[in-house]
Amino acid sequence: MKHLEFPKPQKQVLELVRETAAEKNVRPYLVGGPVRDLLLGRAAFDIDLTLEEDSAAFARALAKRVNGRVKSFPQFMTYKVVAEAMPEIDITTARKERYRKPGALPLVSPGRLKDDLLRRDFSINAIAFDVLTRALHDPTNGERDLRERLVRVLHEESFRDDPTRIFRAIRLALRLDFSLEKHTAELMRDAIDNGALGTVTKERLWRELFLAMDEADAPKILAELNKAGALKTLFNAREVECNRLEEMQRCIDANAELDRYVMYTSALLYGDASPIDLEGSGFSQKRARNVMQIANEVPRFADALSDAKSERQRFRVLRHASPEMLSVIASMTTASETVARFNEYRNFKIPLRGNELAVPSGPHIAKALERTREAVFTGEIAPEEAPGFARELALRYLSELRIEN
């Protein structure tokens, strides 16, 4: 058995888990992804524990020991212990699962450790580490699959019972640089071809897609999901350019404040996006419009910028672009300097207030000040000319308003 090396914070937590388990006379097991990653020599930051009994009492005792608190989800037989300056600890009761029909959420009931491991998605996630004895429990030969670098399901109906495993299989294989085991690949292909993903709500599929977008190698994973046909239930089959996905990743890496879900979704839908494609995504109207703008309007923005004769006209084109759209436009070699200049303009201020203009208040004041700010920034007028320029504009706009009324 390979010796498991835990990072220091997790090692300290597991020592507290051992002490609490001995005190309460229970046996906790570290399970799933953390065990897999530790066996692979990868950093494991999650603490996922399973107990066959008394998980609620154990969670309360552990929270007391670490001066933390317990978040309870009794309907799922799950508890979370949170404490300051410590990793979160997820504690579950070992359970069995039964699917009423393909694609439905499973019915769960208490079970033994082996039941809990056999209900999991892949063999490499079905390994448990006994926190007290440090023994490994591996009923599905997950260690062998780790050595052979394979992702393998545990039974013939796995992808039909839970089609979201299709997303997880591709995501996990590419993250770990593994391959799908031959029969697993056949089962997945059969499930996709026979419409298994159509038995799952779009909301669940979007959650899996967003998890793929969170991966370090998101462009490669998204392209592979599309190639496999896993996305056609969400927005029909379409060509997806990996280069465009990679460009989105470069934009996101350069600015962490950008909405990665909007960016990647617009790349998947590029050139042919419709609001119906976003059904189940949970996008707000603003984010949905952002997706539509990037997916459908980049050529229009590019043409308008090319046709603009002055900096002022270029700024007018960019004024209604979202930060995500601006980053995409900036990635175009010919527009990068224009966007950089526009971003400077957005942060530019002039030391002039509306009450300094000696003009009756109203919307014409803000309009005049904004036009003046633009004129100073672009060099149309000198800074010292701003008060007179703004007052003249405000009076003109006010006159126009009165004529309209």
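I want to confirm something. Restricting to segment 380-405 and keeping residues that are in contact (Cβ under 8 Å) with a residue 24 or more places away in the chain, hydrophobic (A, V, I, L, M, F, W, C) and open to solvent by 50 Å² or more (accessible area, probe 1.4 Å), which single residue is nearest to Glu311 (Cα to Cα)?
Ranking the candidates gives Leu395 first.
Looking at segment 301-319, I want the residues that are farther than 20 Å from Ser331 by Cβ and have a partner that is surrounded by fewer than 18 Cβ atoms within 10 Å (Cβ to Cβ) with Cβ atoms under 6 Å, at least 6 apart or on another chain. Which pairs are those?
What qualifies is Glu311/Thr378; Arg312/Thr378.
Here is a list: Arg147, Arg152. Which entry is without any contact (Cβ under 8 Å) to a residue 24 or more places away in the chain and closer than 15 Å to Arg36 by Cβ? I'd like the intermediate steps shown before the answer.
On the way: Arg152 fails: without any contact (Cβ under 8 Å) to a residue 24 or more places away in the chain.
Matching residue, one of Arg147, Arg152: Arg147.
Conditions first: (1) under 24 Å from Ile329 (Cα atoms); (2) at pLDDT 95 or above. Glu241 passes all but one, so which condition is the exception?
(2) is the only condition that Glu241 fails.
Could you figure out which of (1) under 24 Å from Arg152 (Cα atoms); (2) at pLDDT 90 or above; (3) surrounded by fewer than 20 Cβ atoms within 10 Å (Cβ to Cβ); (4) not hydrophobic (A, V, I, L, M, F, W, C) isn't true of Asp138?
(3)
Show me the strands (runs of 3 or more DSSP E) entirely contained within segment 1-98 in which 1 or more residues are buried (at least 17 other Cβ atoms within 10 Å of the Cβ) and in contact with a Gly (Cβ under 6 Å, 6 or more places away or on another chain). Full working, then the answer.
Details: elements: 29-31, 47-51, 69-73, 78-82, 89-93, 95-98.
Once the strands (runs of 3 or more DSSP E) in segment 1-98 are filtered for at least 1 residues that are buried (at least 17 other Cβ atoms within 10 Å of the Cβ) and in contact with a Gly (Cβ under 6 Å, 6 or more places away or on another chain), what remains is 47-51, 78-82, 95-98.
Considering only segment 208-226, state which residues are open to solvent by 10 Å² or more (accessible area, probe 1.4 Å) and either free of Cβ contacts under 8 Å to residues at least 12 places away in the same chain or within 13 Å of Ala169 (Cα to Cα) (or both).
Quick first cut of segment 208-226, residues open to solvent by 10 Å² or more (accessible area, probe 1.4 Å) only: 208, 210-211, 214-217, 220, 223-224, 226.
Once the filter is applied, which keeps residues that are open to solvent by 10 Å² or more (accessible area, probe 1.4 Å) and either free of Cβ contacts under 8 Å to residues at least 12 places away in the same chain or within 13 Å of Ala169 (Cα to Cα) (or both), segment 208-226 yields Glu208, Leu211, Glu224.
Out of the residues in segment 333-379 that are closer than 25 Å to Ala302 by Cα and among the acidic types (Asp, Glu), which is most open to solvent (accessible area, probe 1.4 Å)?
Glu337
The values are calculated or read from the model by the stated rules, or taken from the named source; none is laboratory data. Please read all numbers here as calculations on a predicted model, not as lab measurements. Heads up, the Cβs are rebuilt from the backbone with ideal geometry, glycines too, and the neighbour counts pull from every protein chain shown. Ligands, DNA and RNA are excluded from the accessible area calculation, which covers all protein heavy atoms including side chains. Shrake-Rupley method; radii C 1.70, N 1.55, O 1.52, S 1.80 Å.
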